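Everything on this sheet refers to the single structure shown next.
The values are calculated or read from the model by the stated rules, or taken from the named source; none is laboratory data. If you're wondering where the values come from, they're calculated on a predicted model, not measured in any experiment. Positions of Cβ are backbone-derived with ideal geometry, glycine not excepted, and every protein chain shown enters the neighbour counts. With ligands, DNA and RNA removed, areas are computed over all heavy atoms of the protein, side chains included. Shrake-Rupley method; radii C 1.70, N 1.55, O 1.52, S 1.80 Å.
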Amino acid sequence: MELVTNIYLETKTFPKEELYGLTSQIRKASISVPSNIAEGYGRLGKNDYLRFLNIAISSLFELQTQLEIGKNLSFIQENNFNILFENTREIERMLVSYIKKIKDS
């Protein structure tokens with residue numbers, strides 16, 4: 001949830017012409033991560049939960065790619081990119097570990 005907030009704050013500085021382009025895509029991908037975790041948690045079976053966790057991690061990979069694009073276009077400063085990207089990597093590590101734990105249970 002903190003990542004989503006930080007993404008919204010960062011994308012406020014994107015060019016206005018990107019509102020329906022990269023800004024929207026980055027925001028959607030960031031929202032998708034916790035939303036799919038929550039939706040999967042609300043499902044009844046382990047397989048459903050794992051499916052939604054995998055969707056969440058896919059959205060996270062999408063977000064990482066879009067952040068790099070934003071940096072390459074100079075929409076995101078290097079320092080801000082490094083912080084956001086490392087936050088996504090930490091969430092990635094947690095999700096991979098959690099998915100493995102659920103699969104092994």
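Structure values in brief
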read-out: Overall dimensions of the chain as given by Cα atoms, namely Rg and Dmax in Å; value: 14.6, 48
read-out: Computed accessible area, residue 22, all protein chains, 1.4 angstrom probe, square angstrom; value: 20 Å²
read-out: Leading residue at positive end of dipole, the chain (Cβ point charges), from 64, 52, 7; value: 52
read-out: ³J(HN,Hα) computed for each position of region 60-69 - Karplus, 6.51 cos²θ - 1.76 cosθ + 1.60, integer Hz, glycine/proline x; value: 5, 5, 4, 4, 4, 5, 5, 5, 4, 4
read-out: Region 43-105 - convex hull of alpha carbons, volume per residue in Å³; value: 67 Å³
